[in-house]
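The values are calculated or read from the model by the stated rules, or taken from the named source; none is laboratory data. What you see is a predicted model; the values in this text were computed from it and never measured. Counting neighbours? That spans all protein chains shown, and the Cβs are built from the backbone with ideal geometry, glycine included.
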Amino acid sequence: MKLTFYGAAKEVTGSNFLLAVGKEKFLIDCGLRQGSNYSERHNWDPFPYNPKEISAVFITHPHVDHIGRLPKLYKDGFRGKVYSTFPAKEFAGLLLLDSEHVLMQDAEKYKKPPLYGIQEVEELMRIWQGVEYHQEISVGGVKATFYNAGHILGSSFIVVEAEGKKIVFSGDLGNSPAPIIGNREAVPDGIDYCVMEATYGNRVHEPQSERKGFLEDMIEDTVKTGGVLMIPAFAMERTQELLYELNELVEHGRIPRVPIFIDSPLAIKLTEVYKNYSQYFDVEARKVLKSGDAIFNFPGLKMTLTTEASKAINEVPPPKVVIAGAGMSNAGRILHHERRYLPDPKSTLLIVGYQAAGSLGRLLLDGAKDVKMFGETIPVRCQIKNATGYSAHADQPQLLEWVRPMRHSVRKLFLVHSEEDSSQILSQKIRDELAVNAVVPGVGDEVDL
Ligand code: ZN
């Protein structure tokens, strides 16, 4: 069989791997490229394979850089089946509809036709099948089993078995322990090949335990200075984690009373879906739920669904906290708040997620003195803080720990989903410490397994 790396190879976004077993072809993830204009333009490229020949797509998790091109795949003739966990399927439906709107703006920007329409999303959802963790499914000549990756609710790494060999696709591996979701699982025995993400292959995160304290300090400082705490957050997982931690801080009286806004219609909708999947929560979160506490709600919290409600946030005098999308400040309502408060020395922008190269969030994180938005130059005078403990990705020690159990069986390990320096450093480390043959494939590279 042959494995080809069509995306997230020496880059972080656009995950897309093709496994050809005999005459059958399978995809693992089919994501959008995000970040710079250069890479986003490639989303309109024709697929480098015939979508009509794909029997099935296995989805690790519903982040747009893993699912975003599925509707285009459908539009271009794919009529096989899509498989993911049940929550991943439901989140994917919402996220694809939401990005359709964002992509319309991109289409205008790049003078291209829309990548897909609502109809393709609806038709795609009809061929999408939910599976349980650890339930082995047979599709054509392969078997696939999903395991908890601990990255977001319902996220998976997938073990595909074909021609007597086992290949694991890590998807995105979580920074366990994280609130709400269970811990990342260990790989089963006998893995022959591994395709692993290396987003933070060269980094060690701050301990997760410190982040709630960090959030507490940020809010206290904001109240003291009378500024605005802006938190650009991914609508899925990061927002719910923040809500969960804020709920604890408020319920235990650890932060002063301050208005907290969730200013993202998508995040509000996704939070509703979370509530339907409490069986996927970890023991702690279920305990809090059982005690009768609504884990995503507390005094002072306001969810602003409509544009009018969002605009009304401006009338609320500081101090206040605004959590809004998009997570990399590349779109969404956070931009309106940033335009207003980036020039304010009393305010703070708190980064709690990965910022892709080329995104506005990355520029701010790298210390830009001014930024362009809405055709204006906005000076940056507020404080920029980075809470790395919030990462949803495993760091270098965690990635090594995940590889360790397969070190005797794995014949080759492919590092993907990272900027090149990070994957090169990690591949060296894996070769040195675990004696595993780790390589960094490029886009279009094909290997015989
Ligand atoms: Zn992800």
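Listing for the model above:
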{"read-out": "Subset of the stretch 51-101 [closer than 21 Å to residue 41 by Cα and among the charged types (D, E, K, R)]", "value": "65, 69, 72, 75, 76, 98, 100"}
{"read-out": "Sole exception among (1) assigned to a helix (DSSP H, G or I); (2) more than 14 Å from residue 115 (Cα to Cα) for residue 82, by number", "value": "(1)"}
{"read-out": "Matching option when the condition is among the small types (Gly, Ala, Ser), closer than 25 Å to residue 269 by Cα and touching a His at 6+ places or on another chain (Cβ under 9 Å), among 68, 31", "value": "31"}
{"read-out": "So residue 257, is it touching a Gly at 6+ places or on another chain (Cβ under 9 Å) and charged (D, E, K, R)", "value": "yes"}
{"read-out": "Number of the condition not met by residue 380 [criteria: (1) touching a strand residue (DSSP E or B) at 6+ places or on another chain (Cβ under 8 Å); (2) in the same structural domain as residue 109 (by TED's automatic domain parsing)]", "value": "(2)"}
{"read-out": "All positions within the stretch 209-253 that are of a type in the set (Lys, Arg) and at pLDDT 95 or above", "value": "224"}
{"read-out": "Residues (outside any strand (DSSP E or B) and closer than 15 Å to residue 69 by Cα) located in the stretch 1-26", "value": "8, 13, 14, 15"}
{"read-out": "Helices (runs of 4 or more DSSP H) lying entirely in the stretch 325-422 (those with 1 or more residues that are at pLDDT 95 or above and within 30 Å of residue 107 (Cβ to Cβ))", "value": "334-341, 360-365"}
{"read-out": "Identity of the residue in the stretch 415-434, within 25 Å of residue 232 (Cβ to Cβ) and among the acidic types (Asp, Glu), that ends up nearest to the ligand (Cβ to nearest atom)", "value": "419"}
{"read-out": "Which numbered condition residue 49 fails, given (1) within 16 Å of the ligand (Cβ to nearest atom); (2) surrounded by fewer than 18 Cβ atoms within 10 Å (Cβ to Cβ)", "value": "(1)"}
{"read-out": "Residues satisfying the stated conditions in the stretch 370-414, i.e. within 16 Å of the ligand (Cβ to nearest atom) and within 14 Å of residue 440 (Cβ to Cβ)", "value": "399"}
{"read-out": "Selection status of residue 92, in contact with a His (Cβ under 6 Å, 6 or more places away or on another chain) and within 16 Å of the ligand (Cβ to nearest atom)", "value": "no"}
{"read-out": "Subset tally (residues that are more than 16 Å from the ligand (Cβ to nearest atom) and outside any loop (DSSP other than H, G, I, E, B)) for the stretch 129-175", "value": "18"}
{"read-out": "Identity of the residue in the stretch 53-82, at pLDDT 95 or above and acidic (Asp, Glu), that ends up nearest to the ligand (Cβ to nearest atom)", "value": "76"}
{"read-out": "Pairs with Cβ under 9 Å, 6+ apart, first in the stretch 392-406 and of a type in the set (Val, Ile, Thr), second within 16 Å of the ligand (Cβ to nearest atom)", "value": "403/196"}
{"read-out": "Residue in the stretch 188-210 that is farthest from the chain's Cα centre (by Cα), counting only those that are under 15 Å from residue 400 (Cα atoms) and crowded, with 21+ Cβ neighbours inside 10 Å", "value": "194"}
{"read-out": "Some residue of the stretch 428-441 being in the same structural domain as residue 191 (by TED's automatic domain parsing), touching a residue at least 40 places away in the same chain (Cβ under 8 Å) and within 24 Å of the chain's Cα centre (by Cα)", "value": "yes"}
{"read-out": "Residue satisfying all of: in the stretch 372-410; over 25 Å from the mean Cα position of the chain (by Cα) and β-branched (Val, Ile, Thr); surrounded by the most Cβ atoms within 10 Å (Cβ to Cβ) among these", "value": "410"}
